Amino acid sequence: MKDERLLEQEQEGFLRDTLQKLLTQDSPTGFTDRVVELAEGIARNLGFETSRTNKGNLVVTVPGRETGRRMGLCAHVDTLGLMVRSITDRGMLMVTRVGGPLMPTLDGEYCRIYTRAGKVFTGTVLSLSPSVHVQDDAGTRARDEKNMAVRIDEKVRSKEDVQALGISPGDYVCYDPKTVITESGFVKSRFLDDKASAACLLTLLWRMHRTGERPQYDTWITLTVHEEVGHGGAALPPVDELLAVDMGCIGEDLSCTEYQVSICAKDSNGPYDYGMVSRLMKLAGDNGVDYAVDIYPHYGSDVSAAWKAGMDARAALIGPGVHASHGMERTHLDALRATLQLAGLYLELA
Ligand SMILES: [Zn+2]
């Protein structure tokens with residue numbers, strides 16, 4: 001019993017630490033090499049074999065206790081972001097969205113601009129009517145791509161000044177995740193979608209390393225890097241069953257909370273595998289895992305990408321309940337624990 005409690009404590013420590021590390025590394029879709037390198041280092045340190053695909057996914061191979069069925073788990077480590085579209089005459093950066101950030105929530109956010117030559121500048125995403133003392137429409141101007149820009153923290157007055165810094169269209173703009181884990185167990189951060197799940201999968205590896213447990217069948221855990229633009233799951237190792245771990249939706253008539261693991265029965269691309277969803281519900285129910293089953297109204301996952309790319313696998317989707325997704329997100333450590341537990345039960349770790 002004492003050992004079990006110690007194991008839980010150590011596991012929680014690893015989970016928190018890994019989550020912080022993943023969240024600290026800027027990784028909008030298309031700019032993910034560093035976060036993949038980080039995850040790769042973690043998986044290798046735990047003694048697992050890894051490989052990278054041409055598109056940049058990280059694949060971790062976990063030998064099972066028996067062969068005969070090929071299992072897949074995936075989560076994505078790419079995030080939303082921005083890219084420089086053009087430079088204004090006054091030296092501000094107009095941007096284009098990478099994925100679908102909720103633009104009004106970016107007003108006032110600090111960011112980093114990565115040039116292709118490897119320089120990093122800081123700045124702030126602002127409305128083009130940023131001052132209440134000057135512009136009549138400071139409070140009412142739309143907060144969207146056309147009406148927002150990045151103010152660079154350099155003495156620039158013109159387009160030429162910005163070009164002289166080496167900043168150009170195509171450079172990534174990464175806004176601050178602002179990660180905080182509160183005493184009460186809430187995790188407040190951008191990009192919990194889907195780094196919260198990626199941290200859970202790496203923690204599952206930690207658990208196997210620490211206890212010697214193995215899944216029943218050979219398992220491939222993939223961290224994908226193009227989910228936010230819709231094709232992350234299009235190139236996964238061939239498996240018979242795929243469980244995507246991605247954020248669970250909260251709000252309106254959905255039942256999930258920030259303390260639960262969400263099991264998605266259907267999203268914008270249609271229903272998930274009936275048998276797998278039923279099995280996941282039963283596993284959670286039988287083992288006291290706090291869960292909710294929901295329909296996600298505006299959502300696609302790496303499963304739909306895999307299916308559209310032709311993967312012949314049963315597939316389902318689970319993940320921690322995340323509030324205010326693609327905005328200033330929040331979940332609770334309870335949801336991460338529940339997700340970790342359900343993923344472990346699904347793999348039949350023993
Ligand atoms: Zn996601």
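Which of the residues belonging to region 30-83 are within 16 Å of the ligand (Cβ to nearest atom) and of a type in the set (S, T, N, Q)? Result: 32, 57, 79. Within region 28-43, being in contact with a strand residue (DSSP E or B) (Cβ under 7 Å, 6 or more places away or on another chain) and under 14 Å from residue 201 (Cα atoms) holds for 36, 39, 40, 43. Of all residues in region 5-28, none are at positive phi and surrounded by 14 or more Cβ atoms within 10 Å (Cβ to Cβ).
The set of residues in region 257-270 that are touching a Phe, Trp or Tyr at 6+ places or on another chain (Cβ under 8 Å), assigned to a loop (DSSP other than H, G, I, E, B) and of a type outside the set (S, T, N, Q) contains only 258.
Filter region 239-277 down to residues that are within 13 Å of residue 299 (Cβ to Cβ), in contact with a strand residue (DSSP E or B) (Cβ under 6 Å, 6 or more places away or on another chain) and either among the polar types (S, T, N, Q) or not assigned by TED's automatic domain parsing to the domain that holds residue 39 (or both), then give me how many there are. Number of matching residues: 1. Name the residue, out of 286, 294, that is free of Cβ contacts under 8 Å to residues at least 12 places away in the same chain and not polar (S, T, N, Q). Only one candidate qualifies: 286. Take the conditions (1) surrounded by 13 or more Cβ atoms within 10 Å (Cβ to Cβ); (2) within 29 Å of the chain's Cα centre (by Cα); residue 128 misses just one of them, which is (2).
Please determine whether any residue of region 172-181 is under 14 Å from residue 75 (Cβ atoms), touching a helix residue (DSSP H, G or I) at 6+ places or on another chain (Cβ under 8 Å) and of a type in the set (A, V, I, L, M). No, there is no match, as no residue in region 172-181 is under 14 Å from residue 75 (Cβ atoms), touching a helix residue (DSSP H, G or I) at 6+ places or on another chain (Cβ under 8 Å) and of a type in the set (A, V, I, L, M).
Within region 239-256, take every residue that is more than 11 Å from the ligand (Cβ to nearest atom) and not in a loop (DSSP other than H, G, I, E, B) and give me the one that is surrounded by the fewest Cβ atoms within 10 Å (Cβ to Cβ). Per the stated criteria, the residue is 241. Elements of the type helices (runs of 4 or more DSSP H) sitting completely within region 271-350 and holding at least 2 residues that are away from the ligand (no atom under 16 Å from the Cβ) and buried (at least 16 other Cβ atoms within 10 Å of the Cβ): these cover 274-286, 333-347.
Determine whether region 257-270 contains at least one residue that is more than 16 Å from the ligand (Cβ to nearest atom), free of Cβ contacts under 8 Å to residues at least 40 places away in the same chain and basic (Lys, Arg). Yes, the conditions are met somewhere in region 257-270.
Selection of strands (runs of 3 or more DSSP E) fully inside region 37-117 by the criterion of at least 2 residues being modelled with pLDDT under 95 returns 66-76.
The values are calculated or read from the model by the stated rules, or taken from the named source; none is laboratory data. On a predicted model such as this, the values are computed, not experimentally measured, just so you know. Every residue, glycine among them, receives a Cβ derived from its backbone with ideal geometry; neighbour counts consider all protein chains shown.
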